[in-house]
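*Asks:* Got a structure for you, written out below as C-alpha cells; questions coming shortly.
No lab work stands behind these numbers, since they all come straight from the coordinates. Not measured: the values here are computed from a predicted model. Don't worry about glycine lacking a Cβ; one is built from the backbone with ideal geometry, like all the others, and counts go over all protein chains shown.
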C-alpha cells in the first residue's frame, strides 16, 4: 500500500470489481486506451483481477480517494530496473491533480527497485502529457501511427522516459 497526501494506492481486490466496471463504462476514457476492452463488463474486471494475481513482473494499484476507487496506475514489464507506466482515471475525477499525485506516489515508492520508466501517450491526449511532464518525464520521440484505441482509431504517440 502506498499513501500520498490525498490518496491510497493498493492492489485490486475482489470487492473493487463492480466499481472498476462502473468507472470503465464511459467511452471517453477508452479513447486513449489500447488494452482495455469497451464496452467493459464484470467478466473483464474478473479477468483483470486474475491477471494481476498471476503477473509477477508488475505492480498494479487501484487509486482510492476517500476510500473509493477512482482509477488505476501500474508499473509493468519490470526487468533489470526498467518498467513501463500505465494509468487511467474515472472521468468524474479528471482535472483535480489526482493522477499526477498517484504517478508521483508510485515512482517515489518504487525508486529503489526501478531506475528507468518509459511510457507513450497518443499525441491528442494533452491531459496525459501534462501528467507526465509534471512528474518529471521527458518526451524523447514521436512514434508515427503507434497508438490504436478500442475501435481501431490510430494516432501518433509520444514516447516519454524518466530516470528515477
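*Asks:* Gain in length, residue 133 to residue 92, computed as 0.36 nm per residue apart minus the alpha-carbon separation, to one decimal in nm?
*Replies:* Using 0.36 nm per residue and subtracting the Cα-Cα distance, I get 12.6 nm.
*Asks:* Here is a follow-up. For a label point 7 angstrom out from the Cα of residue 14 toward its Cβ, which stretches of the range 47-77 have the backbone nitrogen within less than 12 Å?
*Replies:* Backbone N within reach: 50.
*Asks:* Something else: Show log10 I(q)/I(0) for the chain at q = 0.11, 0.13 Å⁻¹, two decimals, from a solvent-free Debye sum over equal Cα scatterers.
*Replies:* Evaluating at q = 0.11, 0.13 Å⁻¹ gives log10 I(q)/I(0) of -0.42, -0.60.
*Asks:* Out of all DSSP beta bridges with both ends in the chain, state the antiparallel percent to the nearest 5.
*Replies:* 90 percent
*Asks:* Per DSSP H run of n ≥ 4, the term is -39500 (n - 2.57); total these for the chain, divide by its residue number, and report the mean residue ellipticity at 222 nm rounded to 500 deg cm²/dmol.
*Replies:* Dividing the helical sum by the residues of the chain leaves -7500 deg cm²/dmol.
*Asks:* With 10 angstrom as the radius, rank 22, 13 by how many other C-beta atoms surround their C-beta, starting from the fewest. Please report the intermediate quantities before stating the final value.
*Replies:* On the way: 22 14, 13 11.
Taking fewest neighbouring Cβ atoms as first place, the list is 13, 22.
*Asks:* Would you please give the FRET efficiency between residue 28 and residue 111, computed as 1/(1 + (r/R0)^6) with r the Cβ-Cβ distance and R0 = 35 Å, to the nearest 0.05?
*Replies:* In this case the efficiency is close to 0.60.
*Asks:* Given an 8 Å cut-off on Cα distances and at least 6 residues of separation, report the relative contact order of the chain as a percent.
*Replies:* On the way: 293 pairs, mean separation 36.3, N = 164.
Relative contact order for the chain comes out at 22 percent.
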